[in-house]
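Everything on this sheet refers to the single structure shown next.
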Amino acid sequence: MENILMGTYYHSIDVKGRLNFPTKLRDVLGDDFFVTKGLDECLVVYSKDEWQLLIDKVKQLPLTKGRNISRFLFAGASELNSDKQGRILIPQHLREFAMLEKDIVIIGALNRVEIWNKNKWEEQNNSFISDSLEDVMEELGF
C-alpha cells in the first residue's frame, strides 16, 4: 500500500507562526514539503513529488485557463522544513489567508495535508451534506 496521508490532529500555532507538525505526516511527506493556499480558506501541504505533479498539471493548461490558478497556487507558496522539535514555520501571509491564530487542525487528506483554523474546520464538517456524501460513496461502489 502506498503512503497515504490521513488522520486529524489538533494543535496550536504560536505567535511567531510555528506549529508542531505531526510526525506521522512528516514521515510520509519527507523532510521538505510545500505549503500554499487551498480552497475553503485552508492551507494545503504537498510532498515534493505531489508538488511536482501539480506543477506539471498546471503547466499543461492553456495560459487563459492556467494563469489564475498559477497565481493562486504559486505566488504565495513556500517550501517548508521542520526544525529539531518537529515544528514548521507558516509564513505570515498564509496564516492570514487561512485565519490561523491559535487553535488549528491538521488533517491528512489522501495525497495532501490541510491546515485549518479550528472553527473553520468545524464549520466545514458541520456543512457536509450526507446525501451528497452518499452519492459519492455509491459512485465509488460502497
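For this structure, a couple of remarks:
- Scanning the stretch 97-128 for residues that are closer than 22 Å to PHE72 by Cβ and charged (D, E, K, R), we see that the one that is nearest to the chain's Cα centre (by Cα) is GLU114.
- Out of LEU80, LEU54, LEU73, LEU39, sole residue that is of a type in the set (A, V, I, L, M), open to solvent by 50 Å² or more (accessible area, probe 1.4 Å) and without any contact (Cβ under 8 Å) to a residue 60 or more places away in the chain: LEU39
- Of note, LEU110 does not satisfy the criterion of being free of Cβ contacts under 8 Å to residues at least 12 places away in the same chain and open to solvent by 30 Å² or more (accessible area, probe 1.4 Å).
- If the condition is being assigned to a helix (DSSP H, G or I), more than 12 Å from the chain's Cα centre (by Cα) and within 20 Å of LYS118 (Cα to Cα), then the stretch 35-93 contributes GLN92, HIS93.
- Whichever residue in the stretch 1-34 is in a strand (DSSP E or B) and in contact with a Pro (Cβ under 9 Å, 6 or more places away or on another chain) and, among such residues, is surrounded by the most Cβ atoms within 10 Å (Cβ to Cβ): TYR9
- SER70 of a type outside the set (A, V, I, L, M) and under 24 Å from ARG26 (Cβ atoms): no
- Flag if LEU61 is without any contact (Cβ under 8 Å) to a residue 24 or more places away in the chain and buried (at least 18 other Cβ atoms within 10 Å of the Cβ): no
- Output for the stretch 104-138, where each listed residue is assigned to a loop (DSSP other than H, G, I, E, B) and at pLDDT below 85: PHE128, ILE129
The values are calculated or read from the model by the stated rules, or taken from the named source; none is laboratory data. Here the structure is a predicted model, which means the values were calculated and not measured. Neighbour counts are summed over all protein chains in view; Cβ atoms, including those assigned to glycine, are modelled from backbone coordinates with ideal geometry. To get the accessible areas, we keep the full protein, side chains included, count just its heavy atoms, and leave off ligands, DNA and RNA. Shrake-Rupley method; radii C 1.70, N 1.55, O 1.52, S 1.80 Å.
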